[in-house]
Every structure is written in structure tokens, then in C-alpha cells.
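None of the figures in this text is laboratory data; all of them are computed from the coordinates on show. Bear in mind that the values here come from a model prediction, so they are computed numbers and not experimental data. Don't worry about glycine lacking a Cβ; one is built from the backbone with ideal geometry, like all the others, and counts go over all protein chains shown.
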Amino acid sequence: MKVLKIAALGAVFAAQFAFAQFKQTPLPYAYNALEGNIDAQTMEIHYSKHAAAYVSNLNKAIAGTPQEKQTLFQILSSISKLSPAVRNNAGGHYNHELFWTVLTPEKNTQPSAKLAKAINEAFGNMDAFKEKMSKAGADRFGSGWAWLSVDKNGKLFVSSTPNQDNPLMDVVEEKGTPIFGIDVWEHAYYLKYQNKRADYLTAIWNVTNWKEISRRYDEALSKK
């Protein structure tokens, strides 16, 4: 009888998680790796609580629906037809998975020659781009993101979205493929910077992973 009960509980547990399609990618550095710019406690809470909740809630929201068998890109590209729960959590999962990779403890990474040229063509120079990107994050009222993306013609643009929206979604005005995103939700910076979002946006450039952003740029262009 005891064996049967254990088997039954195992079956229930398996059924609950059988639909779990999406998972968090392990953080590519230690929680304290970005100290001085992003503190360890913020990174741990951000990754293990906030981001973990998005992927868990996404899997619950798509359980038993056609989206259970879709890619995250497919879900985001038709998000206007789906529930707010799917929109919020699919966006939250995608955005954070990108965010971890475009940060790095490695010092002084640089964009590839191809990306540097594209930035100069689109914004004038690197300083002008940083100013535009930081302004997009600073001017976002409430929670949201600032993005560097590649449009359908292969051109770079900066935009901002509210909440967990992103340029891949069919509900946004400026659509494209994100290659760099800055999280300006308060949970991303408040423990260290309190209400000084501008200071956080300045510090981000000290830990920006230009190698990964360059890789994503090449990948985005290859799909045009």
C-alpha cells in the first residue's frame, strides 16, 4: 500500500511538471561578480526570485495550450492574441534571459568592428548611443526596459517598453530583434541605488558585455 501511495504521489508530481517547457539558464557568473556596479544581494534576488517566478508562471500559463509546444519567439510574435499572464511572463522570461548575458565581470569589452560601425552610422558615435540608451531607460515611467535592437532592414534603433514587453512582441510600435536590454524595474537596482536610477544606468556601462552584444548583432543580421 505504501509503495502504491508513493507511486501515486510521483505520478501527480510528474503530471504537474510535464508541461514545464521553459527553464532558467544558469547565471553565467557569480552573484557577486558585478560588485561595485550591481551588488550580490540584488543579483541573487533578481535571478533566483524575480526571474525564476517569470519562467515558473509562464509554464503554468501555457499548460494545456498550443503555446506549450511553441518556441518563445513564436509566443512573443503573436502575444496580442494571448492572455496577460502569458504576455507578462513570456516577456519576463525572455528579457531576463537576455539581460544576464549582456552583463559581464570582464573589464573593458568592446563592440566588434562591424557593430561599432553600425552604432556610429545610427547614432553618430558611441557616446551619443550611450546617452540615447540611458535616456530611454531614465525616461521610462514606472517599470520597463531600454533596448538596442535591429530592425527588419538590419538597422539599429533604441527604444523603451513598459513592464515586460519587448521589441519582439506584435503589440509594440517599434519592432525588431533585441541585442541589448537594460532592466529598469526597481528590483534591478533599488537595494544599491534607491531612487537614483540614473546612477544605475551609468554603472551598467562598466559591466556591459560587448562580446555578447556583438554576437547577437551578427545573429540578428544573419536572419534578415
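Looking at the range 99-136, the GluC sites (Glu not before Pro) that sit in a DSSP loop and have at most 14 other Cβ atoms within 10 Å of their own Cβ are Glu106. Beyond 20 Å, what share of the Cα-Cα pairs of the range 134-224 is found? Please give it as a whole percent. Value for the range 134-224: 36 percent of Cα pairs lie more than 20 Å apart.
Which residue fluctuates most in the GNM of the chain (Cα springs below 10 Å): Glu44, Glu186, Glu173? Among Glu44, Glu186, Glu173, the largest GNM mean-square fluctuation belongs to Glu173. Once the gyration tensor of the Cα atoms in the range 44-155 is diagonalised, the equivalent ellipsoid follows with semi-axes of 30, 17, 14 Å, ordered largest first. Between Gly176, Gly36, Gly137, the residue with the greatest mean-square fluctuation in the GNM of the chain (Cα pairs under 10 Å linked by springs) is Gly36.
For the range 109-224, the relative contact order comes to 29 percent (Cα pairs under 8 Å, sequence separation of at least 6).
Working note: Debye formula, equal point scatterers on the alpha-carbon atoms of the range 172-224, no solvent; log10 I(q)/I(0) at q = 0.13, 0.19, 0.22, 0.23 Å⁻¹ is -0.45, -0.78, -0.88, -0.91. Here the relative contact order of the chain, from alpha carbon pairs under 8 Å that lie six or more residues apart, stands at 22 percent.
Shape of the range 69-224 from the C-alpha gyration tensor: oblate (a/c of 1.5 or more and a/b not above b/c, with a ≥ b ≥ c the square roots of its eigenvalues).
Summing charges over neighbours of Thr208, with a neighbour being any other residue whose Cβ is under 12 Å away from its Cβ, gives +1 when K and R count +1 and D and E count -1.
Extending 7 Å from Cα along the Cβ direction at Glu186 and again at Lys23 yields two label points whose distance is 3.5 nm. Straightening the chain between Ala85 and Gln110 buys 5.3 nm, computed as 0.36 nm per residue apart minus the Cα-Cα spacing.
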